[in-house]
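The values are calculated or read from the model by the stated rules, or taken from the named source; none is laboratory data. Computed from a prediction, not measured in an experiment: that's the story for all the values here. Reconstructed Cβ throughout: ideal geometry from the backbone, glycine too, with neighbour counts over all protein chains shown.
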Amino acid sequence: MLAIGHLLATSTFDLLAWVVIAWLVARILRGGDERQWLIVGAVVGIGLLNKHLVAFLVVGMLAALAIVGPRHHLRSRWLWAGAVIGLAVFTPNLVWQAANGWPQLDVAGAIAGRSGGIGGRIEFFAMQLIAVNPLLVPIWVWGLVKLLTDVDFRPFAR
């Protein structure tokens, strides 16, 4: 975060959006008020206005709920109302993108062309490791072990 966040860039706010979304969803899954899905939707919409990568987080979280549960959240009217809020916040960007020939796709294509192929993917993962700080690997490992073995973390492991 310090490596990326010292500049005022979209990546700074992208990381913030991902953390806030993950934190709110964890609170809900831990037994929090399902009306908080409305807040999640608003944060997702704002995050998407900043960077479209937030969509990958949302798709991943929805897939995780569908595959491993708790699936009852997928039937929650609050989750779907939150999705409507997120889409409403993001809609002006979609309209602008469509009206201007989807320039974001051109930008993404240019970036992929500049660093495409296998080397680009390997470089991407190496840069993620550097961005998050390799010195924090023991904390990642500790967190994964706790998630898989500690009874207090069971609600997050299902």
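Brief remarks follow.
- Conditions (1) free of Cβ contacts under 8 Å to residues at least 40 places away in the same chain; (2) more than 12 Å from the chain's Cα centre (by Cα); (3) assigned to a helix (DSSP H, G or I); number of the one not met by L8: (3)
- Considering the range 66-79, and only residues there that are assigned to a helix (DSSP H, G or I) and in contact (Cβ under 8 Å) with a residue 40 or more places away in the chain, the residue that is surrounded by the most Cβ atoms within 10 Å (Cβ to Cβ) turns out to be L79.
- Of the criteria (1) surrounded by 12 or more Cβ atoms within 10 Å (Cβ to Cβ); (2) assigned by TED's automatic domain parsing to the domain that holds R27; (3) part of a helix (DSSP H, G or I), which one E123 fails: (2)
- Options I111, I39, I46, I28; residue that is surrounded by fewer than 12 Cβ atoms within 10 Å (Cβ to Cβ), assigned to a helix (DSSP H, G or I) and of a type outside the set (K, R): I111
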